[in-house]
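**Student:** Handing you a structure now.
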Amino acid sequence: MARADGREWARHWRFAELPGLDLLRAHYVSHSFPRHAHDGYVIAAVTGGVEEVGLPGGTLRAGPGSIVLINPEVPHTARAGVPEGWAYATLYPSRELVGRVAAEIAGLRGTPGFTVDSVADPQTSHTITEVHRAAEEGNALAADTLLHTAVARMLARHAGPLPAVPAASAGAAGAARARAVLLERMADPPSLEQLAGELGTSPFALLRAFRERYGMPPHTWLTDARVRRARRLLDAGTPPAEAAVAVGFTDQPHLNRHFTRIVGVPPGAYRRERAG
């Protein structure tokens, strides 16, 4: 476990027998997650304390027995809702994994999306913690069975077709072009004014359009994108110092700070779990 102090701990890892899934089990007190998004889904079982999750529709408070459900690319924050913090066991299934389970459920067609942000379901909360326990014990059969049970239950009860992205307006199209530029020039991005000039718009108009389309301003989105790319590099075995420079952070401490805030563990601990 990576430990921030005597009260906080976290483990973010993968079990080789469960492809397409990341696992996070943690207890956070002072740690807070800045606005970010995930490539895949979030299915988090709160097991102690209270977690406050900031979503586009408002802030929810989740306590023991609650499941927090977040669709891909939905910007959100997270922090403790009580002084003692919160503990949770989280599943991060990929789109492909969720799609495979959804295909086995009668009546659920297309790309699935959760229709609620949280639900009180102590039974599934327990199942999620048992996925973690079985994976930590190396019991692939039990872990896979429990994983499919938990995901299928959430999809069957709380999912429908993933909402389609609205047709692109002029502003949304400009935001998408800005996003493409930032991805391409991640290590040396332009300023907001330079980016707006390249796209033939004003900085304020671009900022407004980008926030409307992606739920965060360009600089916040870029930090999140850098951390996501750094994760992929670390997954492939790249040392943290090299990953930091490759994605545009000034040095490894710069990566460490943002990576830990967004992922919940330092990049060194994250990479060691992959190497194991």
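The values are calculated or read from the model by the stated rules, or taken from the named source; none is laboratory data. Note that the structure is predicted; figures quoted are calculated from it, not measured. All Cβ positions, glycine included, derive from the backbone under ideal geometry; neighbour counts span all protein chains shown. Side chains are part of the model used for accessible areas, which takes the heavy atoms of the whole protein and leaves out ligands, DNA and RNA. Shrake-Rupley method; radii C 1.70, N 1.55, O 1.52, S 1.80 Å.
**Student:** Could you tell me which of the residues Ala45, Ala26, Ala87 is modelled with pLDDT of 95 or more, open to solvent by 10 Å² or more (accessible area, probe 1.4 Å), out of contact with any Asp or Glu (no Cβ under 7 Å at 6 or more places or on another chain) and of a type outside the set (S, T, N, Q)? Explain how you work it out, then say what you get.
**Tutor:** Working: Ala45 fails: open to solvent by 10 Å² or more (accessible area, probe 1.4 Å); Ala26 fails: open to solvent by 10 Å² or more (accessible area, probe 1.4 Å).
One residue alone meets the criteria, Ala87.
**Student:** Every residue in region 113-125 that is in contact (Cβ under 8 Å) with a residue 60 or more places away in the chain and over 18 Å from the mean Cα position of the chain (by Cα), please. Before you say what the answer is, go through the steps one by one.
**Tutor:** So the first thing to find is which residues in region 113-125 are in contact (Cβ under 8 Å) with a residue 60 or more places away in the chain, and the list is 114, 117-118, 124-125.
Once the filter is applied, which keeps residues that are in contact (Cβ under 8 Å) with a residue 60 or more places away in the chain and over 18 Å from the mean Cα position of the chain (by Cα), region 113-125 yields Thr124, Ser125.
**Student:** I would also like to ask the following. Right, Leu255: more than 14 Å from Leu183 (Cα to Cα), open to solvent by less than 20 Å² (accessible area, probe 1.4 Å), assigned to a helix (DSSP H, G or I) and without any contact (Cβ under 8 Å) to a residue 60 or more places away in the chain or not?
**Tutor:** Yes, satisfied.
**Student:** Restricting to region 126-167, give me the number of residues that are touching a helix residue (DSSP H, G or I) at 6+ places or on another chain (Cβ under 9 Å), over 17 Å from Val98 (Cβ atoms), of a type in the set (A, V, I, L, M) and open to solvent by 10 Å² or more (accessible area, probe 1.4 Å).
**Tutor:** Result for region 126-167: 4.
For (1) open to solvent by less than 50 Å² (accessible area, probe 1.4 Å); (2) in contact with a helix residue (DSSP H, G or I) (Cβ under 7 Å, 6 or more places away or on another chain); (3) assigned to a helix (DSSP H, G or I); (4) at pLDDT 95 or above, each residue gets a yes or a no:
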| residue | (1), (2), (3), (4) |
| --- | --- |
| Pro189 | yes, yes, no, yes |
| Glu193 | no, yes, yes, yes |
| Glu242 | no, no, yes, yes |
| Ala246 | no, yes, yes, yes |
| Ile262 | yes, yes, yes, yes |
| Gly268 | yes, yes, yes, no |
| Arg271 | no, yes, yes, no |
| Arg274 | yes, yes, yes, no |
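**Student:** Hey, another quick one. Tell me, which residue of region 201-218 that is without any contact (Cβ under 8 Å) to a residue 24 or more places away in the chain and open to solvent by 40 Å² or more (accessible area, probe 1.4 Å) is farthest from the chain's Cα centre (by Cα)?
**Tutor:** Ser202
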